[in-house]
Amino acid sequence: MYYFIVYSSVTYATRIRNYFKNDGSYIGLLHTPAEISPGGCSYSVKVKQHNAQKVVEISRRFGFKIKGIYRQTESGSYVEAEV
């Protein structure tokens, strides 16, 4: 199961991806899917469930505003999530 952590800035999403790239965690960077893009253009990092809390904590420590957190269901739809 994957979580999508949504940022308003590609810079924030890129910095988070780069922060975690050397620890072996999978973190993908992508345009936020239209179904969950609050307010238009945004970028997300896609992480496995067990890494979501770590990503949120580091984002908050760096002051990167998170626009939303979503979980992708087995059917491919998205639901808002808390970590």
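Some points to look at:
- Residue satisfying all of: in region 38-83; loosely packed, with under 15 Cβ neighbours inside 10 Å and of a type in the set (D, E, K, R); modelled with the lowest pLDDT among these: GLU82
- For region 19-30, the count of residues that are more than 17 Å from TYR70 (Cβ to Cβ) and modelled with pLDDT of 90 or more is at least one.
- Residue match in region 24-32 (condition: crowded, with 17+ Cβ neighbours inside 10 Å and not hydrophobic (A, V, I, L, M, F, W, C)): yes
- Tally, over region 61-78, of residues that are assigned to a strand (DSSP E or B) and farther than 12 Å from TYR2 by Cβ: 3
- Tally of residues being more than 21 Å from ALA81 (Cβ to Cβ) and small (Gly, Ala, Ser) across region 10-39: 1
- Some residue of region 22-43 being charged (D, E, K, R) and within 12 Å of the chain's Cα centre (by Cα): no
- Tally of residues being more than 11 Å from the chain's Cα centre (by Cα) and charged (D, E, K, R) across region 66-83: 3
The values are calculated or read from the model by the stated rules, or taken from the named source; none is laboratory data. Just so it is clear, the model here is predicted, and its values are computed rather than measured. Every residue, glycine as well, gets a Cβ built from its backbone with ideal geometry; the counts of neighbours run over all protein chains shown.
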